[in-house]
Amino acid sequence: MQIEKYKIDEINQQHLAKHRRQFEFVAADVANLDLVLQKLGAFNIAIPSWALGTGGTRFGRFSGGGEPRSLEEKIEDVGVIHALNKSSNSISLHIPWDIPENAASIKALAAQVGLHFDAVNSNTFQDQPNQKHSYKYGSLHHVDKAVRKQAIEHNIEVIKYGVQLDSKALSVWLSDGSNFPGQLNFRRAFQNTQESLQEIYDALPDDWKMWIEYKPYEPNFYSTTIGDWGQSYLLASKLGAKASTLVDLGHHLQGTNIEQIVSILLMEGKLAGFHFNDSKYGDDDLTVGSINPYQLFLIFNELVEGMDARGMNHAKDIGWMIDASHNVKDPIEDLLQSVQAIKIAYAQALLVDKNTLVTAQNNNDVTLAQEILQTAYRTDVRPLIAEASLLAGGSIDPVGTYRKLNVRANLIKERGLKTVATGL
Ligand code: LRH
Ligand code: MN
Ligand code: MN
C-alpha cells in the first residue's frame, strides 16, 4: 500500500490556515529561519526493520493486526512513514530477521518509495536453526575459538548482504557477558572480542564503517563485555578510523549523563550515531521523547554545537536511527511520534542562542546559561517542523493524517488481523 501525495495535500489543506497562524507566530522570533527550515528538511532518521511489528515482553505479545509479513511489506510500511513525514528515507536491516534474498528487487522496491538502506545489523545473540555452535555463552568473546569463528563469519556474511544493498555500515551489538561472578575472565573476554572484531573490521569495504554498540546489562546480568562507552571507545580506537561508538539511549544506567558522553565522543571523532528511544527504568525501548524530552534536547544541543565545531554535516556525518519497540501502540504511529520527537529536539537545539551562551559560560553566569537553554527548549517548534514537512511534500500532522486515511484498517484488510512480523 502506498499513500498518494494528493491525499496528504488534501488533508493539509484543511489545516493550512491554522498552521499559517501558528507558524508565523513562532517564525517571527527565529533569527535563522531559512537555515533552520533547510536543516530540518535535510534531516532523516532511519527506521529499523524490526520495529514495524508489535513487540512484546517475555510475558506475552499482543498483535495489533496488519503487521508486515515480509521484508517487502516492511519496506511498504517505511514508505508510508516517509510519505507522511518526509524524514524517514532509509531502513536498517537486522540479519537474519530480514534476509534480502533478492537484493536487486528489494533495492528497487525501496527506491520506488524513496528509500535506501542504512546500517546492517548482525545477530549473534540468538541461536538460529541448524547453527553448529551455540551462543549461550557468548559469541565474539567466547572461550572456544570455533564459536568465535562462526560469529565472525556471520558478521562477514552480513557485510556481504549490506554491500548488495548499498549499506555503508555494520552495526554490532553483542549480548556477550556473564551472569555470575567468576564465570568469565574479563580481560580474556575483552581480548577475544577485540581479535574477533579485528577480523570483521579487516573484511569491511573501504567506504564502510563499523558501529560498536554498548549496553550495561541484559540479557546478561553480572557483566557485559562491551558494557559501556569506555569499552566501546577502547575497541573502536584499537580497531582504527572506520570503527566508532554507537549510542543507544536506552543502554545506560539511570542518571547517566548521556549528553556528556555524546560531547566527548564527538570531540574525539568517535561518535558513530544513535539508536533513539526513551526509557524510565532500563532498555525500555519506549517512544522517543515520551519520558525525558529534555534529555533528548540536551543531547541535540551537544550535537549541534559539537558537529558545527567540527564542520560536520548534521544530516549525513553520523547515523540516526530509531531503536524502539511497541507493545501496545500501532508501530507506524509510534514511529511517526518518535521521528517527530527527534525533529522537535533538533529544532529546539538549532534555536539555542550560542553566542550568548558562550559569553554566559565564560562569565560563569550560570543563571543566564540555564535561561538560554530553557528558552530554546520551551519554544513550541512544532509549527517549524510542520512547515519543513509541508515544504518537502509531507504532512503537517503525520499521525493525524495517518488516522484520517485509515491506513491501519486498510493494512488489516490487506494482510489480515493475525499477523506476526519478525523482530523484537
Ligand atoms: C539491544 C539492541 C541492539 C539490537 C536491537 C534489536 O538491546 O538495542 O541494537 O540490535 O536491540
Ligand atoms: Mn540498539
Ligand atoms: Mn536495546
**Request:** State, to one decimal in nm, how far the label point of GLU157 lies from the label point of GLN374, with both points 7 Å from Cα in the Cβ direction.
**Result:** 5.5 nm
**Request:** Calculate the dipole size of the chain relative to its Cα centre from +1 charges on Lys and Arg beta carbons and -1 charges on Asp and Glu beta carbons; express the result in debye to the nearest 20.
**Result:** 620 debye
**Request:** Give me the distance in nm between label points sitting 7 Å out from Cα along the Cα-to-Cβ direction at ARG58 and ASP207, one decimal.
**Result:** 4.3 nm
**Message:** Longer than 23 Å from Cα to Cα, which of LYS215/LYS280; LYS145/LYS209; LYS7/LYS316; LYS160/LYS329 are they? Say none if no pair is.
**Reply:** LYS145/LYS209; LYS7/LYS316; LYS160/LYS329
**Stretch gain in nm, segment GLN2-LYS238, where the contour uses 0.36 nm per residue and the Cα spacing is subtracted** = 80.4 nm
**Request:** Mind listing the long-range amide H neighbours of TRP320? Cut-off is under 5 Å, sequence gap 5 or more, other chains count too, H placed in the peptide plane at 1.01 Å from N.
**Result:** ALA46, PHE274
**Prompt:** Calculated FRET efficiency, LEU16 and ASN406, Cβ-Cβ r, R0 22 Å, to nearest 0.05?
**Reply:** 0.50
**Request:** Output the peptides 221-230, 74-83 sorted from most to least packed, where packing is the average of other Cβ atoms within 10 Å over each peptide's residues.
**Result:** 74-83, 221-230
**Request:** Could you calculate the FRET efficiency of SER105 with ARG187 from 1/(1 + (r/R0)^6), where r is the beta carbon distance between them and R0 is 56 Å, rounded to 0.05?
**Result:** 0.75
**Message:** Suppose each label sits 7 Å from its Cα in the direction of the beta carbon; what would the ASP127-ASP9 distance come out to in nanometres?
**Reply:** 5.7 nm
**Prompt:** Using 1/(1 + (r/R0)^6) with R0 = 41 angstrom and r between the beta carbons of GLN38 and THR256, what's the FRET efficiency to the nearest 0.05?
**Reply:** 0.80
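Could you give the length gained on full extension between TYR294 and LYS329, defined as 0.36 nm per residue of separation minus the Cα-Cα distance, in nm?
Length gained between TYR294 and LYS329: 10.3 nm.
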**Prompt:** Convex hull over the Cα atoms of segment 5-415, averaged projected area in nm²?
**Reply:** 20.9 nm²
**For SER338, SER237, order by how many other beta-carbon atoms lie within 10 Å, fewest first** = SER237, SER338
**Request:** Please check which bits of segment 132-148 a label hung off PHE180 would reach, taking the label as a point 7 Å along Cα-to-C-beta and the cut-off as backbone N under 19 Å.
**Result:** 136-138, 143
**Request:** Name the aspartates and glutamates eligible as straight-distance cross-link partners of LYS136: C-alpha to C-alpha under 16 Å, and not fewer than 8 places from it in the same chain.
**Result:** ASP127, ASP144, ASP176, GLU218
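Just so you know, all these numbers are worked out from the coordinates, no wet-lab data involved. On a predicted model such as this, the values are computed, not experimentally measured, just so you know. Note that we place each Cβ from the backbone using ideal geometry, even for glycine, and neighbour counts take in every protein chain shown.
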